[in-house]
Amino acid sequence: MTCPTCNQSADFQGYRPLKPLSILGPIALQRAYYYCHRCGGTVPWDEQVGLTPKRLTPAAEELTTLAGTLSNSFGEGAERVLTKLAAMKLSESTVQRTSEAAGHRLGELLKKKKVLGGPKPWRWHKDARGMTCAYVSLDATGVPQQGPGGISAPGRMPYVAMVFNPVPDLPEGSPYEPGPKATMQSRYLAGLYDLEELGVQLRRQAGQVGMNQAEQWIGLTDGGNGLENFLRVNFPRDLVLILDFWHASEYLSDLAKVLHPVEEESRKALLALWCHTMKHKGGAAIVSELEGLPLPPRKPSLKAQHETTLNYLRNNLHRMDYPTYEANGWCIGSGSVESACKTVVNQRLKLAGMRWGEDGTDEVCHLRALFRSESSQWDAFWNLA
Ligand SMILES: [Zn+2]
């Protein structure tokens with residue numbers, strides 16, 4: 001054969017045995033071995049059929065990555081999941097390395113402006129006014145880190161970005177009801193991105209699902225640093241910005257906790273009342289209600305939390321017109337955005353006692369985002385191999 005490295009001739013040296021691991025267990029086989037006098041020995045078959053460095057077949061690699069991505073830990077994936085799904089016995093570290101390598105490959109593909117599959121325009125659901133709506137959101141979540149050799153390291157914040165088509169909550173009898181079979185569609189991106197790169201990639205995903213064809217664009221974020229601006233810059237077409245309701249209610253909850261540290265019932269009742277006011281009367285109403293709250297003297301922690309909550313709400317008043325959003329049948333994020341962070345990142349990377357390396361954080365985030373997106377995305381990635 002021609003040596004793939006130097007293009008000189010490489011001589012056939014005979015057949016060499018190998019036992020790659022397939023999903024049906026190890027397979028004993030022989031494949032041709034060639035020798036180039038400049039570059040050394042080569043077995044082109046291994047690469048052509050797509051064996052991993054650990055000699056897994058492509059299907060075994062996909063299954064291993066799936067187990068590593070979805071199980072609670074790489075160890076659980078190795079010992080309890082893979083052994084049941086397939087005739088594969090792998091060590092925890094092989095499951096980890098295989099998964100992380102796949103996540104790395106996915107991250108590189110996305111960075112190289114590759115898309116998985118062709119354009120796939122969604123049928124955007126209509127709001128109460130009959131306008132089709134497309135949603136984007138961005139959030140960040142802290143992941144505990146550990147440096148090389150187990151030394152402690154400061155936590156990192158992966159971003160979770162999302163373009164989505166939620167099923168709207170329309171008034172009874174609305175002619176724009178999407179039908180009983182309608183489901184939410186979403187594409188996620190997650191990882192240790194800088195915002196500029198994430199913007200490029202999220203716009204590409206939005207293009208793939210035909211966001212341009214939706215009449216109304218809606219952006220949901222928390223009040224976190226730079227998040228709102230990210231959406232303004234990347235999706236400038238008449239974007240309506242909404243402060244994610246769930247995050248806003250967290251600030252109310254923090255205040256209710258300081259007011260009623262012990263009496264859980266009173267705290268819950270107060271929080272429900274405030275949330276109701278915020279949802280049905282809007283941001284200004286809840287701010288004025290909190291401003292009029294009688295604060296007992298000599299309680300500095302209460303005063304501090306009162307100020308924190310009020311400042312947060314005041315800073316976001318321009319996107320807290322919840323009564324209007326609700327009347328339009330828009331999603332105000334009492335679920336979807338928080339659940340993106342939770343389902344994509346937290347449920348795998350923030351389990352009790354977990355510490356991650358920087359690369360592993362990024363790579364597993366990519367895989368989780370891919371898996372949580374439409375199922376065709378996961379398939380498209382694995383069909384590239
Ligand atoms: Zn050579």
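Values for this structure:
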{"read-out": "Region 181-250 - convex hull of alpha carbons, volume per residue in Å³", "value": "125 Å³"}
{"read-out": "Reachable aspartates and glutamates from K89, criterion Cα separation under 14 angstrom, eight or more residues apart if same chain", "value": "E61, E76, E79"}
{"read-out": "Translational diffusion coefficient (Stokes-Einstein; Kirkwood radius from C-alpha pairs) of region 254-385 at 37 °C, 0.692 mPa s, in µm²/s", "value": "179 µm²/s"}
{"read-out": "Burial order of peptide ranges 118-127, 72-81 (average beta-carbon count within 10 Å, highest first)", "value": "72-81, 118-127"}
{"read-out": "Burial ranking of peptide ranges 21-27, 366-372 (average Cβ count within 10 Å, highest at the top)", "value": "366-372, 21-27"}
{"read-out": "For region 142-177 versus region 15-79, the gap between their alpha-carbon centres in whole angstrom", "value": "34 Å"}
{"read-out": "Highest to lowest packing among 255-265, 6-16, scored as the average C-beta count within 10 Å", "value": "255-265, 6-16"}
{"read-out": "0 to 90° range, to nearest 10: angle between helix 264-281 axis and the chain longest Cα axis", "value": "80 degrees"}
{"read-out": "Mean ellipticity per residue at 222 nm, deg cm²/dmol - from DSSP H runs of n ≥ 4 across the chain, formula -39500 (n - 2.57)", "value": "-12500 deg cm²/dmol"}
{"read-out": "P(r) histogram, all alpha-carbon pairs of region 138-293 included - 10 Å bins from 0, percent", "value": "9, 27, 29, 26, 9, 1, 0"}
{"read-out": "S376 - accessible surface, heavy atoms, 1.4 Å probe, Å² rounded to 10", "value": "40 Å²"}
{"read-out": "3J(HN,Hα) from dihedral phi, region 144-152, Karplus parametrisation 6.51/-1.76/1.60, rounded to Hz, x for glycine, proline", "value": "x, 10, 9, x, x, x, x, 5, 6"}
{"read-out": "For the chain, the spread of Cα positions along each principal axis, largest first, Å", "value": "87, 50, 37"}
{"read-out": "Charge dipole magnitude, Cβ of K and R +1, D and E -1 - the chain, Cα centre, debye nearest 20", "value": "840 debye"}
{"read-out": "The chain: angle of helix 58-70 to the longest principal axis, Cα-based, in degrees nearest 10", "value": "30 degrees"}
{"read-out": "Computed over region 165-211, the ratio Rg/Rh where both radii use C-alpha atoms and Rh is Kirkwood", "value": "1.16"}
{"read-out": "Cα centroid separation - region 302-370 against region 204-252, whole Å", "value": "12 Å"}
{"read-out": "Extreme residue, positive dipole direction of the chain, given options S137, H318, L351 (C-beta unit charges)", "value": "L351"}
{"read-out": "Between helix 375-384 and the chain: long-axis angle, C-alpha atoms, 0 to 90°, nearest 10", "value": "30 degrees"}
{"read-out": "Farthest toward positive dipole pole in the chain [+1 Lys/Arg, -1 Asp/Glu at C-beta], among T5, C275, G226", "value": "T5"}
{"read-out": "Å³ per residue enclosed by the Cα convex hull of region 1-114", "value": "117 Å³"}
{"read-out": "Estimated D of region 121-213 in µm² per second, where Rh is the Kirkwood radius over Cα pairs and Stokes-Einstein applies at 4 °C, 1.567 mPa s", "value": "84 µm²/s"}
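The values are calculated or read from the model by the stated rules, or taken from the named source; none is laboratory data. Remember, it's a predicted structure, so these values are computed and weren't measured experimentally. Note that we place each Cβ from the backbone using ideal geometry, even for glycine, and neighbour counts take in every protein chain shown. Side chains are part of the model used for accessible areas, which takes the heavy atoms of the whole protein and leaves out ligands, DNA and RNA. Shrake-Rupley method; radii C 1.70, N 1.55, O 1.52, S 1.80 Å.
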